[in-house]
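Comments concern the structure below.
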Amino acid sequence: MRFLLRAEQYMGMPVSSRPGRRHTLEEFERLRDAAPAGPRYEFVDGEILVTPSPNLRHQRIIVRLTVLLEPFVRENRIGELIVSPFDVRFGTERVFQPDLLVRTLSDVESRRQDAARELRLAVEVLSPSSARYDRVDKRPRYQEERVEELWLIDPESELVERWRPDDERPEVLAQTLVWQPAGSEASVSIDLVTLFAEANQ
């Protein structure tokens with residue numbers, strides 16, 4: 001096992017003892033449990049991905065989205081909004097930690113404490129070094145797992161890619177993001193221009 005002395009140099013890179021090495025869920029959990037606080041560890045079909053702690057702009061975006069979305073999710077019984085770090089487990093091959101997630105009501109009612117299994121929404125804030133893995137490796141897996149919506153938020157370009165399970169291409173948003181969860185008559189509107197401006201202050 002190769003331990004990362006400077007995780008920021010390897011953001012989104014697999015941790016492996018040799019090329020092509022596939023890890024088990026048990027190996028992933030042992031490594032993560034022994035790791036220092038800070039980096040985020042995710043498990044993608046046998047690969048362990050390490051992401052360092054987010055920067056201030058990243059955190060501001062997540063805080064503002066939480067303030068906007070949490071009352072909407074709670075008052076309209078959409079599910080439960082949770083901020084990372086919190087595991088999303090898809091079987092035994094995938095453990096993700098999106099920056100922000102909304103569990104389905106049925107997942108909430110299952111009373112699981114260790115991880116979410118069903119998502120209405122996953123939000124990933126991109127960084128230059130993690131964008132490839134978020135877009136190329138994790139994005140199609142979110143779609144395979146039928147996550148209702150995935151938002152890939154790019155602070156550099158100040159755009160949001162919205163993906164749904166059957167999309168071949170994303171909806172790219174620059175001004176306003178309107179979220180109306182499937183089966184709900186309620187919707188919430190997010191002013192993206194203001195969101196990015198406040199994150200850059």
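Listed here are the strands (runs of 3 or more DSSP E) enclosed by the range 84-178 that have at least 1 residues being without any contact (Cβ under 8 Å) to a residue 40 or more places away in the chain: 88-90, 100-103, 119-125, 149-154, 159-163, 171-173. Taking the criterion of being surrounded by fewer than 19 Cβ atoms within 10 Å (Cβ to Cβ) and in contact with a Lys or Arg (Cβ under 7 Å, 6 or more places away or on another chain), the only residue of the range 51-81 that qualifies is Glu80.
Taken as a whole, the range 142-149 holds at least one residue that is among the basic types (Lys, Arg), under 18 Å from the mean Cα position of the chain (by Cα) and on the phi > 0 side of the Ramachandran plot. Scanning the range 108-129 for residues that are among the small types (Gly, Ala, Ser), crowded, with 22+ Cβ neighbours inside 10 Å and under 21 Å from Gln59 (Cα atoms) yields one hit, Ala122.
From Gly12, Gly20, which residue is touching a Ser or Thr at 6+ places or on another chain (Cβ under 6 Å), outside any helix (DSSP H, G or I) and modelled with pLDDT under 90? Going through Gly12, Gly20 in turn, just one is touching a Ser or Thr at 6+ places or on another chain (Cβ under 6 Å), outside any helix (DSSP H, G or I) and modelled with pLDDT under 90: Gly12.
The values are calculated or read from the model by the stated rules, or taken from the named source; none is laboratory data. Bear in mind the structure is a predicted one, so any value in this text is a computation, not a measurement. No Cβ is skipped: glycine too gets one built from the backbone with ideal geometry, and neighbour counts run over all protein chains shown.
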